[in-house]
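The block underneath contains the structure these notes are about, expressed in structure tokens.
The values are calculated or read from the model by the stated rules, or taken from the named source; none is laboratory data. Since the structure is predicted, the reported quantities are computational estimates derived from the model, not experimental observations. Using ideal geometry, Cβ is built from the backbone for each residue, glycine included, and neighbour counts are taken over all protein chains shown.
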Amino acid sequence: MAKQFMDPHDVPAIPGTEGWERLYPYQYQFSKVDPERSAFESSQIWFYDGLHYPEPHYPFDLIWDEAWSLALSQYNTRHWLIPPALGIDHRIVNGYVYISPVGVADPADIPKRVPHFMERAGYYFQNWDRLYENWKKKMTGVIDRLEAMNFTELPEMEDISVIKEGLGIGSGYKLLKQYDDLIDLGLLCWQYHFEFLNLAYAAQVTFFQTADQIFPGIPMSTLTKLSAGFDPILFRPDAELIRLAKLAIEVGIEDLILKPLKAEDLMKELSTHPVGKEWLKELEKSRYPWFHISTGTGWYHTHISWNDNLNIPFDAIRTNITTLKSGREIGRPTAQILKERDRIADEYRKLIKTDADREAFDQGLSIARLVLPYAEDHNFYVEHWFHTLFWAKVRQVGQILQNAGFIENADEDIWFFRRDEIKQALWDHVTSWSTGVRARGPSYWPKEIAWRKGVYAKFKEWQPPAALGTPPDVVTEPFTIVLWGVTNNVLQSWLGSGGDGGSENEIQGSPGSSGTAEGPARVLKTVEQLADLKQGEILVATTTSPSWAPSFVKIAGAVTDVGGPMCHAAIVCREYGLPTVVGTGKGTQLIKTGDIIRIDGDTGLVTIVKRAG
Amino acid sequence: MTDKEKRLTIWYEEMEGADYPLVGKKNANLGEMIKAGIPVSPGFSVTICANDKFITDTGIKSELEKRLPDLGEVTYESAKEASDFAVGLIEQTDLPADLEDAILSAYTQLCERCGLPACPVAVRSSGSVSMPGQMETYLNIRGERDLIAYVRKCWSSAYNTEAIMYRMNKGMAFLFNIGVGIPKMVNSRVSGIIFTLNPVNGDLSKISIDVSYGLGEAVVSGIVTPDTCLVDKVTMEPIKTTLGSKEIQCVYREGGSDIITCDVPEGKRRMTCLSRQEMLELARVGKLIENYYGKAYDFEFGIDADMPFPENIIILQVRPESVWSKKEVAAKTEKKADPMERILSQLLTGVRLR
């Protein structure tokens, strides 16, 4: 009898948060009201999506969860007709998002979907490079439109041009429309996000499984080395910081940059310096677009970009200068990685004994490599570049509402609205503006927001279980396997079955990046805590972001709660040669800052050697 | 004769495969392994020439030649009679002083190299023609006096009854000079067996290491459950270590050359007995051996407690892998017309979770 996780309907509410459900869309709730839907919910596996969401959800930030819920699922179900797999269903429990892969219910429907899948997916695979080039144009078009947006205060009176040009519309209407356009652009961006991704992951799963048939037990780290090694643009921002550091040394202004000044003051000083002025021009070249990288994963509004806070890249440039001056090489050895990739592929190929297996291996590898640039690069366009610009626009909306007295702090409060509630509040605001009367917002929202903040703080203290419901026999949904790394081993460790000699001091995850490390743990629950990292510590987080790369110069290794072979943490750590264990399920729960831990990136084992005093 | 052909002792690292007429096959093979970069226990050969000098200078050769015409038809009885005579003669005759000096001088150097006074060595016979199991090997020999005595015993073992019958039946000469190999005894802290493939499924991309405490006999004879380590042969990264129970280990009896078993302390049983560094070095040597011989091999190794890493990694015996290498290899994947068909098939199969 297989073990089960807690039934999703049985998760107790946190005392003092009663009524929390109104922070999120109603369809995100587990509910027993409809027996059919309730039975479905109990029969599914629901796993906590800590890969994307290490923190509970702010009501507004749920926009991206809804956006991908729609986009990922539609491509599986309605675009490609992935024969056995439908979408990924979403729920929210005490502020944390749980997701569940859904299969085609009636097996008889599967063969009917096959010819459609072959025609549709086949077309994209055959025309991949051309369609991908076009995708980049579409994406940069969306980003240009977003950048052009600007939310400003409603005027005391309409400009005379509105009259003389006979426009016939008002600023209140335009504000509402522009807010709709902003949301619409976000959803559109996420439609594109998934245009290729489902197929890319299907191709990767195929290669991984084919290679595993030929070489049983081939480690994930090897598989990703075989298919990886292009020049992902996610590494470009870090490369720019190294370029700027080298340039500063070359032109002899490193001492100036090393001065512990705020970015703003330093830039002022540089602009009056003859050489510094030239260096600033190079900085500007790097900033657009490469400093649009998020300081986090991009999923939360708190994940601002380097452009939003230039102190962050300046600190990293200083670290780079110091490192370079001490004679150490930094940067990603691209040529070496590519050479090693080709050697590994070549050696593996030579070990294959039959023509049939060789052909299967080559087929698998060719498609895995075809899809890789998209799989690696789309993140920068969407989660980093688009998202960080998007958050900044929403802050402008927040400023309007703060000025109107609806909220106390634009930067902190706007995220506690659902996105449909912002539209309502804007209606309240523009109608009061048009009518010339007092709005209800100032007497309604501040109290509600204060209550929501309290609920959110309680969510934050709660530790969401790794999974709920019933584990399935087979997973066919490509994302579940490749991105979240949900496999038998992972489920077993989530169930806490112990298995082979597991104890409280041993946590089994998946190998993320080769090598071993031992040192004090630093458990990071929020992006801001990144600043606390000390030399030689092992970073323990729910997940990591590519923009943390500059900090990777310091740490000895990394452990994440969630993630599969292609998750961002695994990709980045492999590139930087940092021993890493991913998908531990509960690393951030069991490990405390200061514990001495040993990690083995080859076996996926994390051992707590000594507890902090 | 070249200089090398006249020498009485030759260090392992000075030999190569083609030197088997000088030192015997077993010794020449060790030289060949060292040339290929395969680490073996340090030691030297007492040459075939030295054996010849012994029987010539002492008059044993002419004594034996005199007896030979009386041997008559080869029967067990006649072979045994000849054997008794030859063995008695050899074992009771002192070595010429210059020969004894040559052997002891090499031994003294070996002791210095290993940093051990009276370094324990093995004394192994090594014929220029393979005669499997016909001649003797002596283990755990220490000190100058014993060494000389056992070298003589090794020489005499070429005249034991079975060896004489074997040669006579093959039409070989009665007189038979052999080489003697004198390697340091490996003081195995841990030892085991390596396959340059996964012996469980024949997967050529893995190196499999079975390893336990003490002498290799414990693993070879299967009286302990060893640790099993799998290493990726291409990337040289450890994949998985399965901990064995390792309750007992084999050791040499104090001062003797016979093997006894004793308990492994509780605490050590639950630890992996190889360090990551040792595991990777063994895998590297495994890949080297496979590349050198051009096919999958299995071999025994020991990690010597007296020596520092990486010189402590000692390869004891190598042989071609014999199970999977003989099997017809069947394709493990289904044939698909194109990558799309393969993706479709994968999506329909999914990934089985339990």
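Determine which member of the set A:L533, A:L524 is modelled with pLDDT of 80 or more, under 22 Å from the mean Cα position of the chain (by Cα), within 30 Å of B:S275 (Cα to Cα) and crowded, with 16+ Cβ neighbours inside 10 Å.
After applying the criteria, what remains is A:L533.
So A:K174 passes all but one of these: (1) part of a helix (DSSP H, G or I); (2) in contact (Cβ under 8 Å) with a residue 24 or more places away in the chain. Which condition number does it fail?
(2)
Can you name the condition, by its number, that B:T161 falls short on among (1) buried (at least 20 other Cβ atoms within 10 Å of the Cβ); (2) touching a residue at least 40 places away in the same chain (Cβ under 8 Å); (3) among the polar types (S, T, N, Q)?
The number of the failed condition is (1).
Mind checking which helices (runs of 4 or more DSSP H) fall wholly inside segment B:14-84 and carry at least 3 residues that are of a type outside the set (A, V, I, L, M, F, W, C)? Steps first, answer last, please.
Details: elements: B:20-23, B:25-35, B:48-57, B:60-67.
Once the helices (runs of 4 or more DSSP H) in segment B:14-84 are filtered for at least 3 residues that are of a type outside the set (A, V, I, L, M, F, W, C), what remains is B:25-35, B:48-57, B:60-67.
Looking at segment A:185-207, which of its residues are within 14 Å of chain B (Cβ to nearest Cβ) and among the hydrophobic types (A, V, I, L, M, F, W, C)? Before you say what the answer is, go through the steps one by one.
Step one: filter segment A:185-207 for residues within 14 Å of chain B (Cβ to nearest Cβ), giving A:196, A:198-207.
Of everything in segment A:185-207, those that are within 14 Å of chain B (Cβ to nearest Cβ) and among the hydrophobic types (A, V, I, L, M, F, W, C) turn out to be A:F196, A:L199, A:A200, A:A202, A:A203, A:V205, A:F207.
If you take the residues in segment B:241-278 that are without any contact (Cβ under 8 Å) to a residue 12 or more places away in the chain and among the charged types (D, E, K, R), which one is nearest to the other protein chains (Cβ to nearest Cβ)?
B:E266
Considering each residue of segment B:87-106, count those that are within 29 Å of the chain's Cα centre (by Cα) and not in a helix (DSSP H, G or I), and give that number.
1
Among the residues of segment A:276-295, what is the count of those that are of a type in the set (A, V, I, L, M) and modelled with pLDDT under 95? Quick ask: steps written out before the conclusion?
The first filter runs over segment A:276-295 and keeps only residues of a type in the set (A, V, I, L, M), leaving A:280, A:283, A:293.
Of the ones still in play, those that are also modelled with pLDDT under 95 are A:293.
Total satisfying the criteria: 1.
Can you find even one residue in segment A:111-120 that is in a helix (DSSP H, G or I), among the acidic types (D, E) and either within 11 Å of chain B (Cβ to nearest Cβ) or surrounded by 15 or more Cβ atoms within 10 Å (Cβ to Cβ) (or both)?
Initially, segment A:111-120 is screened for residues in a helix (DSSP H, G or I), giving A:111-120.
Of the ones still in play, those that are also among the acidic types (D, E) are A:119.
Pick out the ones that are also either within 11 Å of chain B (Cβ to nearest Cβ) or surrounded by 15 or more Cβ atoms within 10 Å (Cβ to Cβ) (or both) and you get A:119.
Yes, segment A:111-120 contains at least one residue that is in a helix (DSSP H, G or I), among the acidic types (D, E) and either within 11 Å of chain B (Cβ to nearest Cβ) or surrounded by 15 or more Cβ atoms within 10 Å (Cβ to Cβ) (or both).
Please determine, by comparing only the residues of segment A:296-315 that are within 20 Å of A:I242 (Cβ to Cβ) and polar (S, T, N, Q), which one is modelled with the highest pLDDT.
Filtering segment A:296-315 for residues within 20 Å of A:I242 (Cβ to Cβ) gives A:305-307, A:309-315.
With polar (S, T, N, Q) added as a condition, the list becomes A:305, A:307, A:309, A:311.
Numbers: A:S305: 92, A:N307: 95, A:N309: 90, A:N311: 90.
Top of the filtered list is A:N307.
Kindly indicate whether A:A375 is of a type in the set (G, A, S), crowded, with 18+ Cβ neighbours inside 10 Å, more than 9 Å from chain B (Cβ to nearest Cβ) and more than 20 Å from A:D238 (Cα to Cα). Don't jump to the end; show me each part of the working.
Numbers: of a type in the set (G, A, S): yes; crowded, with 18+ Cβ neighbours inside 10 Å: yes; more than 9 Å from chain B (Cβ to nearest Cβ): yes; more than 20 Å from A:D238 (Cα to Cα): no.
When the stated conditions are applied, A:A375 does not pass them.
Considering only segment B:189-235, state which residues are more than 11 Å from every other protein chain (Cβ to nearest Cβ) and among the basic types (K, R).
The answer is B:R189, and nothing else.
Does B:K184 satisfy the condition of being away from chain A (no Cβ under 14 Å), in contact with a Lys or Arg (Cβ under 9 Å, 6 or more places away or on another chain) and surrounded by fewer than 22 Cβ atoms within 10 Å (Cβ to Cβ)? Steps first, answer last, please.
Working: away from chain A (no Cβ under 14 Å): yes; in contact with a Lys or Arg (Cβ under 9 Å, 6 or more places away or on another chain): yes; surrounded by fewer than 22 Cβ atoms within 10 Å (Cβ to Cβ): no.
For B:K184, the condition - away from chain A (no Cβ under 14 Å), in contact with a Lys or Arg (Cβ under 9 Å, 6 or more places away or on another chain) and surrounded by fewer than 22 Cβ atoms within 10 Å (Cβ to Cβ) - is not met.
Quick check: anything in segment B:107-123 closer than 19 Å to B:F176 by Cα and either modelled with pLDDT under 95 or not hydroxyl-bearing (S, T, Y) (or both)? Talk me through it step by step, then tell me what you get.
First pass over segment B:107-123, keeping only residues closer than 19 Å to B:F176 by Cα: B:123.
Among the residues that remain, those that are also either modelled with pLDDT under 95 or not hydroxyl-bearing (S, T, Y) (or both) are: B:123.
Yes - at least one qualifying residue is present in segment B:107-123.
Looking at (1) surrounded by fewer than 17 Cβ atoms within 10 Å (Cβ to Cβ); (2) within 29 Å of A:R395 (Cβ to Cβ), which is the one condition that is false for A:P56?
(1)
Report the residue count in segment B:282-307 for those that are over 23 Å from B:E237 (Cα atoms), of a type outside the set (A, V, I, L, M) and surrounded by fewer than 18 Cβ atoms within 10 Å (Cβ to Cβ).
Restricting attention to segment B:282-307, the residues satisfying the condition of being over 23 Å from B:E237 (Cα atoms) are B:304-307.
Cutting the leftovers down to of a type outside the set (A, V, I, L, M) gives us B:304, B:306.
When the remaining residues are screened for being surrounded by fewer than 18 Cβ atoms within 10 Å (Cβ to Cβ), the result is B:306.
Total meeting the criteria: 1.
Among all residue pairs at least 6 apart or on different chains, which show Cβ distances below 7 Å where the first residue, located in segment A:125-153, is within 14 Å of another protein chain (Cβ to nearest Cβ) and in contact (Cβ under 8 Å) with a residue 60 or more places away in the chain and the second is charged (D, E, K, R) and assigned to a helix (DSSP H, G or I)?
none
Sort out which residues of segment B:311-341 are more than 48 Å from the chain's Cα centre (by Cα) and either under 29 Å from A:P471 (Cα atoms) or facing chain A (nearest Cβ under 8 Å) (or both), and write them in order of number.
Going through segment B:311-341, the residues more than 48 Å from the chain's Cα centre (by Cα) turn out to be B:337-341.
Matches in segment B:311-341: B:D338, B:P339, B:M340, B:E341.
Which count do you get for residues in segment A:208-224 that are more than 7 Å from chain B (Cβ to nearest Cβ) and either within 20 Å of B:C229 (Cβ to Cβ) or not small (G, A, S) (or both)? Lay out the reasoning, then the answer.
Our first condition is that a residue be more than 7 Å from chain B (Cβ to nearest Cβ); within segment A:208-224, this holds for A:208, A:211-212, A:220, A:223-224.
Right, trim to either within 20 Å of B:C229 (Cβ to Cβ) or not small (G, A, S) (or both) and you get A:208, A:212, A:220, A:223-224.
So the count comes out to 5.
Could you tell me which of the residues B:G350, B:G302, B:G294 is away from chain A (no Cβ under 11 Å), without any contact (Cβ under 8 Å) to a residue 12 or more places away in the chain and of a type outside the set (D, E, K, R)? Steps first, please.
Numbers: B:G350 fails: away from chain A (no Cβ under 11 Å); B:G302 fails: without any contact (Cβ under 8 Å) to a residue 12 or more places away in the chain.
Checking each option against the conditions leaves just B:G294.
Which one of B:L175, B:L204, B:L116 is part of a loop (DSSP other than H, G, I, E, B) and assigned by TED's automatic domain parsing to the domain that holds B:I289?
Values: B:L175 fails: assigned by TED's automatic domain parsing to the domain that holds B:I289; B:L116 fails: assigned by TED's automatic domain parsing to the domain that holds B:I289.
That would be B:L204, the only listed residue that is part of a loop (DSSP other than H, G, I, E, B) and assigned by TED's automatic domain parsing to the domain that holds B:I289.
Run A:N76 past the list (1) more than 25 Å from the chain's Cα centre (by Cα); (2) among the polar types (S, T, N, Q); (3) within 12 Å of chain B (Cβ to nearest Cβ) and report the number of the one that doesn't hold.
The one condition A:N76 does not meet is (1).
Would you mind telling me which numbered condition in (1) in contact (Cβ under 8 Å) with a residue 60 or more places away in the chain; (2) more than 22 Å from B:T47 (Cβ to Cβ); (3) surrounded by fewer than 24 Cβ atoms within 10 Å (Cβ to Cβ) B:L197 fails?
Going through the list (1) in contact (Cβ under 8 Å) with a residue 60 or more places away in the chain; (2) more than 22 Å from B:T47 (Cβ to Cβ); (3) surrounded by fewer than 24 Cβ atoms within 10 Å (Cβ to Cβ), B:L197 breaks only (3).
Name the residues in segment A:68-86 that are closer than 20 Å to A:V562 by Cβ and touching a residue at least 60 places away in the same chain (Cβ under 8 Å), would you?
Scanning segment A:68-86 gives A:W68, A:L72.
Mind telling me which of the residues A:D106, A:D129, A:D180 ends up being among the acidic types (D, E), farther than 30 Å from A:A368 by Cβ and in a helix (DSSP H, G or I)?
On the way: A:D106 fails: in a helix (DSSP H, G or I); A:D129 fails: farther than 30 Å from A:A368 by Cβ.
Among A:D106, A:D129, A:D180, only A:D180 is among the acidic types (D, E), farther than 30 Å from A:A368 by Cβ and in a helix (DSSP H, G or I).
Give segment B:135-147 a look and list any residue that's surrounded by fewer than 19 Cβ atoms within 10 Å (Cβ to Cβ) and either touching an Asp or Glu at 6+ places or on another chain (Cβ under 8 Å) or not charged (D, E, K, R) (or both), or say none. Steps first, answer last, please.
Going through segment B:135-147, the residues surrounded by fewer than 19 Cβ atoms within 10 Å (Cβ to Cβ) turn out to be B:136-137, B:139-140, B:142-146.
Result: B:T137, B:L139, B:N140, B:G143.
Name the residues in segment B:333-351 that are in a helix (DSSP H, G or I) and buried (at least 22 other Cβ atoms within 10 Å of the Cβ), would you?
Start the filter on segment B:333-351 by keeping residues that are in a helix (DSSP H, G or I), which leaves B:339-349.
Selection gives B:P339, B:R342, B:I343, B:Q346, B:L347.
Any residue at all in segment A:225-239 that is crowded, with 20+ Cβ neighbours inside 10 Å, within 14 Å of chain B (Cβ to nearest Cβ) and at pLDDT 80 or above? Working first, answer last.
Just the residues of segment A:225-239 that are crowded, with 20+ Cβ neighbours inside 10 Å, to begin with: A:225-229, A:232-235, A:237-238.
Now restrict to residues that are within 14 Å of chain B (Cβ to nearest Cβ): A:225-229.
Right, trim to at pLDDT 80 or above and you get A:225-226.
Checking segment A:225-239: at least one residue is crowded, with 20+ Cβ neighbours inside 10 Å, within 14 Å of chain B (Cβ to nearest Cβ) and at pLDDT 80 or above.
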